[in-house]
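Encoded as structure tokens, the structure appears first; notes follow it.
The values are calculated or read from the model by the stated rules, or taken from the named source; none is laboratory data. Quick caveat: nothing in here was measured; it's all calculated off a predicted structure. Here Cβ is always computed from backbone atoms with ideal geometry, including for glycine, and neighbour counts include all displayed protein chains. These area figures cover heavy atoms from the full protein model, side chains too; ligands, DNA and RNA do not enter into them. Shrake-Rupley method; radii C 1.70, N 1.55, O 1.52, S 1.80 Å.
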Amino acid sequence: MKSQRIAVLGAGAWGTALAIHLAKVGHSVNLWTYRAEQALQMQASRQNVTYLKDIVFPSGLNVTADFGEALKDADAVLVVVPSHVFRETLTELAKHTLTPNCHIAWATKGFEISSGQLLHQVAQQVLGKDAPIAVLSGPTFAVEVAKGLPTAMVSAAFEESEALYWAQAFQNERFRMYTQSDMTGVEVGGAYKNIMAIATGLSDGLHLGANARAALISRGLVEMMRFGQAMGAQTETLMGLAGLGDLVLTCTDDLSRNRRFGLNLARPGQNTDSVIAQIGQVVEGVKAARAVKQIALAKGLDLPIMMQVLAIIEGEIAPADAVKQLMSRDAKAETDF
């Protein structure tokens, strides 16, 4: 693929890492942050000292706090903002005149809490049913992508050409992007795994051992598949990079902020607000659990791990008591979905 002009909207750790990678590939990248002081600081230091300290920006990466400047002459737009401002960001994007056939994708993981919608549903509402959209997801940590460590992701779109565009835009000798058509499955996997990362963090924070961690991951996959099937996802998708792959990554490594949230929440005297303040970044699993509960109740789904995690998040039950409730459930067949 020849060099593209790509706007990356969102300068957190993940947005910055993806912007760095795209610039290394050879694209001209405008990274947008809503904070003018952050833009000035990043341009001056040529790094994001808040989230990715000591990783120097490639020459093809520009930083701006001007939304219109970021979009100027862009061949493609990649949205990398927290889920709770996803609609707001797309609404602002829709106000601007984009280049003809401009490609739009997001690497945001989560649900819209107010509506319970998946993000591609929000995108279609804001941008139109025929908008050229795609979602990028998979087992990734921002710092490893920014450092150029080997990575594999999934590009999913209803139109094969859109999925392929983003796969080619990211591809190099250290980064492989597979294509998919199951946007629902990719988004469910990317959101649900954060809830399970909190669960395994809680388990390890309580020192319940490796057996418990393995059980939570495997039964968490069952819950993810049960929920995904109810949403219209394909089982194969949830067994792939955006499902099982992302689940294993976030449940087993402390680079995961959702896992760290669970670890810290298991400590005496901690609550959701205090732990989020300690982490200093959005914990998407908290928002995802609240959205999933509403959907599960509406669809009559049995998601016991998610329900206990949410009860702990809301301060309704102590972590140790949640374990007792999970372990005292009636016996059932493992394959009973």
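Here are the numbers for the structure shown:
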{"item": "Residues that are over 23 Å from the mean Cα position of the chain (by Cα) and farther than 27 Å from Q117 by Cα, drawn from the range 272-324", "result": "I317, A318, P319, A320, D321, A322, V323, K324"}
{"item": "Selected residue [open to solvent by 40 Å² or more (accessible area, probe 1.4 Å) and in a helix (DSSP H, G or I)] from K293, K332", "result": "K293"}
{"item": "The range 266-290, residues that are aliphatic (A, V, I, L, M) and open to solvent by less than 10 Å² (accessible area, probe 1.4 Å)", "result": "V275, V283, V286, A288, A289"}
{"item": "Count - residues of the range 320-329 that are open to solvent by 70 Å² or more (accessible area, probe 1.4 Å) and aliphatic (A, V, I, L, M)", "result": "1"}
{"item": "Pair list, Cβ < 7 Å and 6+ apart or interchain, from the range 265-293 residues that are within 11 Å of V309 (Cα to Cα) to residues that are of a type in the set (D, E)", "result": "none"}
{"item": "I317 vs. criteria part of a loop (DSSP other than H, G, I, E, B), surrounded by fewer than 20 Cβ atoms within 10 Å (Cβ to Cβ) and of a type in the set (A, V, I, L, M)", "result": "yes"}
{"item": "Number of the exception - A39 against (1) in contact (Cβ under 8 Å) with a residue 12 or more places away in the chain; (2) more than 22 Å from Q281 (Cβ to Cβ); (3) not in a loop (DSSP other than H, G, I, E, B)", "result": "(2)"}
{"item": "Qualifying residue in the range 126-134 (condition: of a type outside the set (G, A, S), buried (at least 18 other Cβ atoms within 10 Å of the Cβ), touching a residue at least 60 places away in the same chain (Cβ under 8 Å) and out of contact with any Ser or Thr (no Cβ under 7 Å at 6 or more places or on another chain))", "result": "no"}
{"item": "Test: residue in the range 306-314 that is touching a Pro at 6+ places or on another chain (Cβ under 7 Å), more than 29 Å from A13 (Cα to Cα) and either buried (at least 19 other Cβ atoms within 10 Å of the Cβ) or of a type outside the set (V, I, T) (or both)", "result": "no"}
{"item": "In the range 162-219, residue nearest to A331 (Cα to Cα) [restricted to those that are assigned to a loop (DSSP other than H, G, I, E, B) and charged (D, E, K, R)]", "result": "D182"}
{"item": "Considering residues of the range 74-95 that are at pLDDT below 95 and not small (G, A, S) only, the residue least open to solvent (accessible area, probe 1.4 Å)", "result": "P82"}
{"item": "Residue, farthest from V143 (Cα to Cα), within the range 1-19, restricted to residues that are more than 18 Å from the chain's Cα centre (by Cα) and among the hydrophobic types (A, V, I, L, M, F, W, C)", "result": "M1"}
{"item": "Condition broken by E187, with the remaining ones in (1) in the same structural domain as A311 (by the TED database); (2) surrounded by 22 or more Cβ atoms within 10 Å (Cβ to Cβ) satisfied", "result": "(1)"}
{"item": "Test: F111 is at pLDDT below 95, more than 20 Å from E162 (Cβ to Cβ) and surrounded by 17 or more Cβ atoms within 10 Å (Cβ to Cβ)", "result": "yes"}
